[in-house]
Amino acid sequence: MAKATEAAGIAAGINEIEGYVLLQTERERARERARRFSGRLDWLTSAQRAEVERLYVQDQLAVTERMLRLVARRCEELRAEYRGVYRALRRRLLLACLLGGAGLAAALALR
């Protein structure tokens, strides 16, 4: 039991590190998109450019967060749906095995 708990803790730690790396990657991508966007606005002063880039990055990260939350919610919905389907299939299989076993027992008893 301790090994399962330890493995779960390790998996959670790996997930946390992966999430951090993904977040840093998305931040850098957002900054790059912001630089490309503000680069086309050549009339901006340096301060204005910095503000446009800051707001652009902020908006991009908010969009990313909303999308990730939607994906996570949908994953949970699918997990629940598949869990229900799996339970129904297990019940059917169990019923088929029981009926098959009963049929076989009845056939053997009639011999």
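The values are calculated or read from the model by the stated rules, or taken from the named source; none is laboratory data. Since the model is a prediction, treat every value here as computed from it, not as a measurement. As a convention, Cβ positions derive from the backbone with ideal geometry for all residues, glycine included, and neighbour counts pool all protein chains shown. Only protein heavy atoms, including side chains, enter the accessible area calculation; ligands, DNA and RNA are left aside. Shrake-Rupley method; radii C 1.70, N 1.55, O 1.52, S 1.80 Å.
Only one item in (1) 17.4, 61; (2) 27.8, 97; (3) 12.6, 34 matches Rg and Dmax of the Cα atoms in Å derived from the coordinates shown, and that item is (2). Fully extending the segment from residue 58 to residue 104, taken as 0.36 nm per residue of separation minus the present Cα-Cα distance, adds 9.8 nm. Estimated at the nearest 10 Å², the accessible area of residue 104 is 110 Å² with a 1.4 Å probe. Positive-end ranking of 10, 99, 41 along the dipole of the chain, with charges on Cβ about the Cα centre, is headed by 99. Dipole magnitude for the chain: computed about the Cα centre from +1 point charges on Lys and Arg Cβ and -1 point charges on Asp and Glu Cβ, it is near 620 debye.
For the chain, the longest principal axis of the C-alpha atoms and the axis of helix 46-110 are separated by about 0°.
In this simple spin-label approximation, residue 41 and residue 96 carry label points 7 Å from Cα along the Cα→Cβ vector, and these lie 6.3 nm apart.
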